[in-house]
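Peer 1: Structure in structure tokens, see below.
The values are calculated or read from the model by the stated rules, or taken from the named source; none is laboratory data. The structure displayed is predicted, hence computed values, not measured ones. All Cβ positions, glycine included, derive from the backbone under ideal geometry; neighbour counts span all protein chains shown. Heads up: the accessible areas ignore ligands, DNA and RNA and are worked out on the full protein's heavy atoms, side chains in. Shrake-Rupley method; radii C 1.70, N 1.55, O 1.52, S 1.80 Å.
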Amino acid sequence: MLDCGKFYPPTAKTPEARLRFYASQFNLVEVDTSYYAIPAVTTAQHWAERTPPGFVFNVKAFSLFTGQWTSTDVLPKDIKQALGPGRRLVYKDMAAEFREELWKRFVACLVPLQVNNRLGLVHFQFSPKVVRHPAAVAHIEHCVEHLPGHTLSIEFRHPSWWENDAVTADTLGLLRSLGLVHTIVDGPQGSAHSVPAIWETTHPDHALLRLHGRNEVAYGMPAKSAAERSTCAPLRCIRTRCCSMPGWKSLCPSTRRRSP
């Protein structure tokens with residue numbers, strides 16, 4: 001929205017001004033920056049202060065928690081110094097004491113949104129390398145245990161979770177049993193990272209649809225921001241695409257209650 005120059009008015013020149021304007025137009029936003037680095041508590045407090053009652057933030061989980069390789073350079077300064085700069089780690093390779101500290105700091109950044117009734121879902125966009133496996137299921141349960149009192153949404157990027165009807169039913173059953181929100185993914189098809197749009201809900205109060213655009217080349221590539229994976233499209237085009245989706249009308253009756 002920022003890069004295309006078609007949404008924000010010329011007067012919205014600062015992050016605060018852009019957030020205030022956005023919140024005057026919509027009642028929900030997905031926080032993408034939290035995937036790349038854990039936000040400071042003061043930053044989250046500012047988000048709460050600069051948005052009106054009823055506005056909701058869905059917050060993406062930190063990349064390390066989702067099976068993604070993560071650079072120590074994006075970790076909090078003290079943890080970066082302890083582990084050494086310039087290293088790339090996955091969750092299982094990090095010492096438990098540092099993992100637990102990162103969970104504590106991630107949970108802390110959610111508190112200002114939660115206490116001000118601004119927090120919606122905590123979204124886990126799992127790496128395309130996270131295949132359907134008992135170890136992956138155990139990790140999802142591990143994530144749930146670290147976020148008591150929060151509602152998690154789950155997005156799988158590996159097709160093994162949806163490879164046939166029986167597996168799909170099993171995956172949806174897993175999400176329901178853990179009280180998790182299934183993420184319906186509308187994204188490019190034909191690549192190794194493509195997953196089908198499964199038009200089902202797994203939570204009584206929430207449904208989540210993420211529109212990933214049609215940039216087949218960028219969809220499965222590492223990116224510094226979500227903007228690199230998509231192109232700026234007018235909101236009317238997004239609305240038209242939603243209305244043309246085969247599962248949209250069948251899903252709408254179960255999503256009349258806004259989240260949360």
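Peer 1: For the list (1) part of a loop (DSSP other than H, G, I, E, B); (2) touching a Gly at 6+ places or on another chain (Cβ under 8 Å); (3) not basic (Lys, Arg), I need the number of the one condition that residue 189 fails.
Peer 2: Here residue 189 meets the rest and fails (2).
Peer 1: Being under 15 Å from residue 55 (Cβ atoms) and not hydrophobic (A, V, I, L, M, F, W, C) is the filter; apply it to region 18-40 and report the residue that is least open to solvent (accessible area, probe 1.4 Å).
Peer 2: Restricting to residues being under 15 Å from residue 55 (Cβ atoms) and not hydrophobic (A, V, I, L, M, F, W, C), the top hit is 22.
Peer 1: Quick check on my filter: what residues within region 132-146 are open to solvent by less than 60 Å² (accessible area, probe 1.4 Å) and in contact with a helix residue (DSSP H, G or I) (Cβ under 7 Å, 6 or more places away or on another chain)?
Peer 2: 137, 143, 146, listed by residue number.
Peer 1: Next question, about the same structure. Restricting to region 151-193, name every residue that is of a type in the set (A, V, I, L, M), open to solvent by 20 Å² or more (accessible area, probe 1.4 Å) and modelled with pLDDT of 95 or more. Walk me through it before giving the result.
Peer 2: Narrowing region 151-193 to residues of a type in the set (A, V, I, L, M): 152, 154, 166-167, 169, 172, 174-175, 178, 180-181, 184-185, 192.
Checking the rest, the ones that are also open to solvent by 20 Å² or more (accessible area, probe 1.4 Å) come to 166, 169, 174, 178, 192.
Matches in region 151-193: 166, 169, 174, 178.
Peer 1: Also: Can you pull out every residue in region 53-104 that is closer than 30 Å to residue 23 by Cα, open to solvent by 20 Å² or more (accessible area, probe 1.4 Å) and in contact (Cβ under 8 Å) with a residue 12 or more places away in the chain?
Peer 2: Result: 53, 54, 74, 76.
Peer 1: Under 7 Å between Cβ atoms, at least 6 apart or on separate chains: pull out the pairs that start in region 131-150 with a residue that is farther than 21 Å from residue 113 by Cβ and end on any residue that is surrounded by 15 or more Cβ atoms within 10 Å (Cβ to Cβ) and of a type in the set (S, T, N, Q).
Peer 2: none
Peer 1: Something else now. For region 3-17, how many residues are of a type outside the set (Phe, Trp, Tyr) and surrounded by 13 or more Cβ atoms within 10 Å (Cβ to Cβ)?
Peer 2: Result for region 3-17: 4.
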